[in-house]
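Worksheet for the structure shown next.
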Amino acid sequence: MNRGANAKPLEGILVLDFSQFLSGPSAALRLADLGARVIKIEKPGTGDICRTLYISDLELDGDSTLFHSINRNKEGYAADLKREEDRDRVRRLIERADVLIQNFRPGVMERLGLHYDAVRERNPALIYAEITGYGAEGPWKDKPGQDLLVQSLSGLAWLNGEADRPPQPLGLAAVDMAAGTYLVQGVLAGLFRRSMTGAGCRVEVSLLESILDLQAAELVVYWNGGERLPQRPQTGGAHAWMPAPYGMYPTADGYIALGAGSVEALGKALDCCGSLAGCADEASRYERREEINRLIAGRLAAGTTSMWLERLEAAGYPCSSVLTWEQLRREEAFLRLGMTQTVYRGSGAAMRSTRCPIRIDGAVYTSSQGSPRIGEHNESINEWLEATEHE
């Protein structure tokens, strides 16, 4: 098929998105952004639970902002999977699909007769992609796979923040979004292999494995360093194992972030070379981490963020201001990225959203199609099914 140089790379790929909440739908969204046709299959009436899962008190056109953020660019198909008539239509869709995504708890798709072994008989070329909380086996397999719970169980919340303070989870759904990203990688690998062999496959990702992989660098240190636990810093709080200086420090009018760099260059920029004397070697930066951090924090608190940025940047030291979203959206660097787009629902409701962050050959991928209502495209999809029945 000649799709032309300007075609999106996944045009012609059909994805059935059975998933709910964030992880699976975010994976389906990325495939849609890259050109795939994504049909979101939901229970009539209530649909994806994410429609009523709120991270704020803001509702847009009857659904939560969270739902809109990860379900744009999809078609909506309502099907009661407990009814044989609806299940038969869904099976017919599966026969035509390239990818199926689901993140139900282990056993649910088996009870519906839509598990991998069942559907691959109908479509051996299908890439069957699934996300679980903790894997399909083991004592945790039936635990709720929620982002906060997995952050807590994985050690991430304990690792985050400053010493002498409670464990601190990240303020976003990092586990869900990481799992969705890994699922996309597996799906693309499956599609690539299928292009050579013609055979489909089963792609499995769990929330726990995903967030453990994000902690790989820290876990390697722990496992290979005598299983010695890291000590979170009392000041800065950016990384439990990084030597000073590293982290975010208060200034007279805000905060400044310092990356890893030359202690000597930092001392010159802050006019405190004498106090930092003898701290330039790696061992001292670890052993005297708290002392160095307190000294730097005291010095930075005496001046404004802009003053310190001017000095540090002139010295070539890695640093940045700590921006709010309000400040970020006024920055030229952010504006040049063009990361926002306006999407529209079938009702005409408009809302701002992020766009696909991937560029291929310089092309920026956007789409004005908003998230679907429950079953919004049933009629057109059923007509397409009938028209392609014997192809």
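Each reported figure results from applying straightforward, stated rules to the coordinates on display, with no laboratory input. None of the values given here were measured: they were computed from a predicted structure. Because the Cβ atoms are built from the backbone with ideal geometry, glycine has one as well, and the counts that use them run over all protein chains shown.
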Unit Cα scatterers, Debye sum, the chain: log10 I(q)/I(0) for q = 0.06, 0.07, 0.08 Å⁻¹:
-0.32, -0.43, -0.55
Given H placed on each backbone N at 1.01 Å, which residues far from V38 in sequence or on other chains put an amide H within less than 5 Å of it?
V15, E75
Hey, what do the phi angles of the stretch 328-343 turn into as Karplus ³J(HN,Hα) couplings, whole Hz, using 6.51/-1.76/1.60 and θ = phi - 60°, x for Gly and Pro?
4, 5, 8, 6, 4, 4, 5, 4, 5, 6, x, 7, 9, 8, 9, 10
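Rounded to the nearest 500 deg cm²/dmol, what is the calculated helix-only ellipticity per residue at 222 nm for the chain, with -39500 (n - 2.57) per DSSP H run of length n ≥ 4? Kindly include the intermediate steps, with their values, before the conclusion.
Working: 17 runs with 150 residues, N = 391.
The per-residue figure over the chain is -10500 deg cm²/dmol.
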Computed over the stretch 1-55, the convex hull of the Cα set has an average projected area, in nm², of 4.6 nm²
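Can you tell me what the convex hull of the Cα atoms of the stretch 1-142 projects to on average, as an area in nm²? Intermediate values should be presented prior to the final figure.
Values: hull surface 40.8 nm².
Projected area, direction-averaged: 10.2 nm².
Among I211, I381, I55, which comes first, second and so on when ranked by fewest other beta-carbon atoms within 10 Å?
On the way: I211 22, I381 19, I55 11.
Listed from fewest to most nearby Cβ atoms, that is I55, I381, I211.
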Can you pull the one-decimal nm distance between simple spin-label points at E137 and E121, each 7 Å off the Cα toward Cβ?
2.4 nm
Under 19 Å Cα to Cα from K141, which aspartates and glutamates show up? Leave out anything in the same chain fewer than 8 places away.
E110, E130, D176, E204, E209, D213
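Over the chain, calculate the relative contact order: mean separation of alpha carbon pairs under 8 Å at least 6 apart, over the residue count, as a percent. Can you show the working numbers first?
On the way: 669 pairs, mean separation 66.2, N = 391.
It comes to 17 percent, rounded to a whole number.
Tell me, what is the FRET efficiency for L60 and L328 to the nearest 0.05, using R0 = 22 angstrom and their Cβ-Cβ distance as r? Don't skip to the end; give the middle numbers.
Working: r = 22 Å, r/R0 = 1.00.
For R0 = 22 Å, the calculated efficiency reads 0.50.
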For the stretch 39-137, what relative contact order do you get, as a whole percent, if you take Cα pairs closer than 8 Å and at least 6 residues apart?
24 percent
For the stretch 69-111, how big is the tail of P(r) above 14 Å, as a whole percent of Cα pairs?
64 percent
So how compact is the stretch 156-251: Cα radius of gyration and Dmax in angstrom?
18.1, 60
Around Q20, which amide H atoms from residues at least 5 apart in sequence, or from another chain, sit under 5 Å from its own amide H, with H modelled in the peptide plane?
N103
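Which order do H377, H68 fall in if you start with the one that has the fewest other Cβ atoms within 10 Å? Please report the intermediate quantities before stating the final value.
Details: H377 19, H68 23.
Least to most surrounded, the residues fall as H377, H68.
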From the gyration tensor of the Cα coordinates in the stretch 97-173, what semi-axes in whole Å does the equivalent ellipsoid have, largest first, with each one equal to sqrt(5λ)?
35, 13, 8
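Using the Cα atoms as the points, what is the convex hull volume per residue of the stretch 95-137 in Å³? Could the numbers behind the result be given before it?
Details: hull volume 2.9 nm³, N = 43.
That works out to 68 Å³ per residue.
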What is the extension gain from R336 to Q369, computed as 0.36 nm multiplied by their sequence separation minus the C-alpha to C-alpha distance, in nm to one decimal?
9.6 nm
Cross-link partners of K8 among lysines (Cα-Cα below 19 Å; sequence separation of 8 or more within a chain):
K74
Can you check what the Kirkwood hydrodynamic radius comes to for the stretch 226-382, Cα pairs only, in Å to one decimal?
19.2 Å
Proximal aspartates and glutamates to K268, defined as alpha-carbon separation beneath 19 angstrom and excluding residues fewer than eight positions away on the same chain:
D281, E282, E291, E310, E313
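Please sort by residue number the GluC sites (Glu not before Pro) in the stretch 198-230 whose DSSP state is loop and whose Cβ has at most 13 other Cβ atoms within 10 Å.
Details: sites: E204, E209, E218, E227; in loops: E227.
The qualifying sites are E227.
Based only on Cα atoms, what Rg/Rh ratio does the stretch 83-241 have, Rh being taken as Kirkwood's radius? Kindly include the intermediate steps, with their values, before the conclusion.
Values: Rg = 19.4 Å, Rh = 17.8 Å.
Result for the stretch 83-241 is an Rg/Rh of 1.09.
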By the Kirkwood definition, with r running over pairs of different Cα atoms, the stretch 310-391 has a hydrodynamic radius in Å of 17.2 Å
The answer for the per residue Cα convex hull volume of the stretch 196-271, in Å³, is 228 Å³
Residues of the stretch 210-251 with amide N under 12 Å of a point placed 7 Å along Cα→Cβ from A257
238-239, 247-249
